[in-house]
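This report concerns only the one structure given below.
What follows is calculated from the coordinates using simple rules that are stated; it is not laboratory data. Since we're looking at a predicted model, the values are computed, not measured. For neighbour counting, all protein chains shown are included, and Cβ atoms are generated from backbone atoms with ideal geometry for every residue, glycine included.
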Amino acid sequence: MASFLSASTSCTISSASNIKKYDGLRASSSSTSLDFALSPRIAGAQPCLRSRSLVVQAALGSPKLEGRNLRVAVVGGGPAGGCAAETLAKGGIETYLIERKLDNAKPCGGAIPICMVGEFDLPMDIIDRRVTKMKMISPSNVAVDVGKTLNENEYIGMVRREVLDSYLRERAGKYGAQIINGLFLGMDLPKDKGSPYILKYNRYDGATKQGVPETLEVDAVIGADGANSRVAKDIDAGEYDYAIAFQERIKIPDDKMQYYEDLAEMYVGDDVSPDFYGWVFPKCDHVAVGTGTVINKPAIKKYQTATRNRAKEKIAGGKIIRVEAHPIPEHPRPRRVKDRAALVGDAAGYVTKCSGEGIYFAAKSGRMCAEAIVEGSARGTRMIDESDLRKYLEKWDKTYWPTYKVLDILQKVFYRSNPSREAFVELCADEYVQKMTFDSYLYKTVVPGNPLDDLKLAFNTIGSLVRANALRKEMKKVSL
Ligand SMILES: Cc1cc2nc3c(=O)[nH]c(=O)nc-3n(C[C@H](O)[C@H](O)[C@H](O)COP(=O)(O)OP(=O)(O)OC[C@H]3O[C@@H](n4cnc5c(N)ncnc54)[C@H](O)[C@@H]3O)c2cc1C
């Protein structure tokens, strides 16, 4: 597994599937969420929930804690960890959050769906840009404008991760979580049912660079420490396939930046990635240009150069101010819960195929896991066990299994060759496809679509795929 490959550099730009199977999630009969064009769609722009209340059913079967509340450590202070710690602290749990770097700028595009703003009560000033236009650009450079169906209040939010992550962590702190600036090194697992986890970490208190070795005793652990999770190793959670994503932050001239003011671009083609897409996302005062791949990681720099070349004229005169790379999990780990320890976010493997979206799912899984702990412990007054954490897994899988499955299929069908990608971009021109795709991305909830439009879309999809197939055969003949 690749590690954090983050570096800064400065240079001037000249003018100008093999999809692996996942089986970590369990299928469920009743689904409520689906992020896919050929699926039911959401009804209009529903306002998101702004306040939440957690119904606590006392876990009368588990032992009552005497003289103290349940103690839980959250390892990792990204969106998953910040949201988990906040929910735990609000729910009466003695909460510790261990983060190795409090000003960490996670390599990330930083695109979040609008529903996250309401659901997680994010202040508007942490949204750098509101993207309302998206260009899908095919291998032959046919550009389709997506986003025509958005209403005037709808957008994709662009955030800087250092800003979002610190905000969420600090908010958890305000609710009572103890934030520890430290590097988690590992933990001793409980020897029997009631005994604690002993966490070992180096606390950074400013005195030494290496930090001061310390230990922490807790009743339960949430691993929110990202794709290279140390907690996952300690609970023997198993490995997952991963993509390597590469991104350059490029400061472009003001007139060029105007073009990207509220616009993001997605490039597809064998040149930019054999199994993913290349992107140009607007950030506060620069653009992020990147790409990813699972199946040919050694060629990632070649794909990055191709992505930059495709956007050449639009980013001409730009300066690369930061280069970053990071793994993106492809599917959930074989194990996500063991005894009183659970994994959330990237540590668990909750990034969607096709779109590579993980921020919302990290925040959501952190919160969902913490809610299960608050509920199972009757607001911190009782000990929990594995069955309480399994409730989080059941709820997660039931809610999101269809989303992951459908995006997996979409990637297999449309990202496998240039003709299929041309077909995909052609389909994106359809307003019905745009409405459903955007709605399901922005709101993460669905209601049935219009049967007539669904039928028309099915015919269009088949038509596009047949044309793609024919084109592929022609291309094979030419290359023979
Ligand atoms: C290049 C790139 C672009 C992306 N673009 C997008 C996008 O536009 N939109 C989107 O939704 N998703 C995107 N993703 C995915 C998204 O970044 C992740 O899914 C998301 O960050 C997961 O959040 P998390 O909290 O689970 O983990 P992370 O954000 O990885 O946070 C883990 C935290 O744990 C800390 N940590 C790790 N190990 C330790 C340790 N031993 N001790 C203490 N602390 C530790 C880290 O410092 C970090 O703060 C992108 C990913 C990449 C790589």
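Size of the dipole of region 293-452 about the Cα centre, Lys and Arg at +1 and Asp and Glu at -1 on the beta carbon, nothing else charged, in debye to 20? Each step should come with its number before you reach the end.
On the way: 29 positive and 19 negative charges, 127 e Å.
Roughly 620 debye for region 293-452.
For region 295-304, in order, what is each residue's ³J(HN,Hα) by Karplus, 6.51 cos²θ - 1.76 cosθ + 1.60 with θ = phi - 60°, in whole Hz (x at glycine and Pro)?
Working through the residues one at a time gives 8, 9, 4, x, 8, 4, 5, 5, 5, 5 Hz.
Between rounded, prolate and oblate, where does region 97-186 land on the alpha carbon gyration tensor, with a ≥ b ≥ c its root eigenvalues, rounded for a/c under 1.5, else prolate if a/b exceeds b/c?
Numbers: a/c = 3.93, a/b = 1.91, b/c = 2.06.
Oblate.
Remind me, relative contact order of region 357-435 in percent, using alpha carbon pairs under 8 angstrom and six or more residues apart? Walk me through the numbers before you get to the answer.
Working: 28 pairs, mean separation 13.8, N = 79.
The normalised contact order for region 357-435 reaches 17 percent.
Give the lysines reachable from LYS312 as a straight Cα distance under 17 Å; neighbours fewer than 8 places away on the same chain don't count.
Straight-distance partners of LYS312: LYS135, LYS251, LYS256, LYS301, LYS302.
Going by how many other Cβ atoms sit within 10 Å of their own, how do ARG249, ARG161 line up, fewest first? Intermediate results must be reported in sequence, preceding the final value.
Numbers: ARG249 21, ARG161 17.
Ranking ARG249, ARG161 by Cβ neighbours within 10 Å, fewest first, gives ARG161, ARG249.
Taking the Cβ-Cβ separation of LYS302 and THR149 as r and a Förster radius of 30 Å, what is the calculated FRET efficiency to the nearest 0.05? Could the numbers behind the result be given before it?
Details: r = 35 Å, r/R0 = 1.18.
Rounded to the nearest 0.05, the efficiency is 0.25.
Report the relative contact order of region 187-239, percent, no decimals, based on alpha-carbon pairs under 8 angstrom and at least 6 residues apart.
Working: 60 pairs, mean separation 14.0, N = 53.
For region 187-239, the relative contact order is 26 percent.
Given R₀ = 60 Å, what would the calculated FRET efficiency be for ASP285 paired with ASP339, taking r from the Cβ atoms and rounding to 0.05? Spell out each step's value before the answer.
Values: r = 47 Å, r/R0 = 0.78.
Here the calculated transfer efficiency is 0.80.
Describe numerically, in nm with one decimal, the distance between label points set 7 Å from Cα along Cα→Cβ at ARG130 and at ASP236.
5.2 nm
Quote to one decimal, in nm, the extra length available between GLU431 and GLU386 on full extension: 0.36 nm per residue of separation minus the C-alpha distance between them. Present the calculation step by step, with values, prior to reporting the outcome.
Details: separation 45, 0.36 × 45 = 16.20 nm, distance 4.62 nm.
Full extension of this stretch gives 11.6 nm more.
Post the alpha-carbon centroid distance, region 359-434 to region 211-251, in whole angstrom.
Each part's Cα centre sits 19 Å from the other's.
Provide the per-residue ³J(HN,Hα) series for region 400-412, in order, calculated from phi with Karplus coefficients 6.51, -1.76, 1.60 and θ = phi - 60°, each as a whole number of Hz, with x at glycine and proline positions.
So the Karplus estimates, Gly and Pro as x, are 10, 3, x, 4, 5, 5, 5, 5, 5, 5, 4, 5, 5 Hz.
Pairs of alpha-carbon atoms within less than 8 angstrom and 6+ residues apart define the contacts here; what relative contact order does region 234-285 have, in percent?
Details: 27 pairs, mean separation 15.5, N = 52.
Worked out over region 234-285, it gives 30 percent.
Which lysines have a Cα less than 29 Å from the Cα of LYS209, not counting those fewer than 8 places away in the same chain?
LYS101, LYS106, LYS174, LYS200, LYS233
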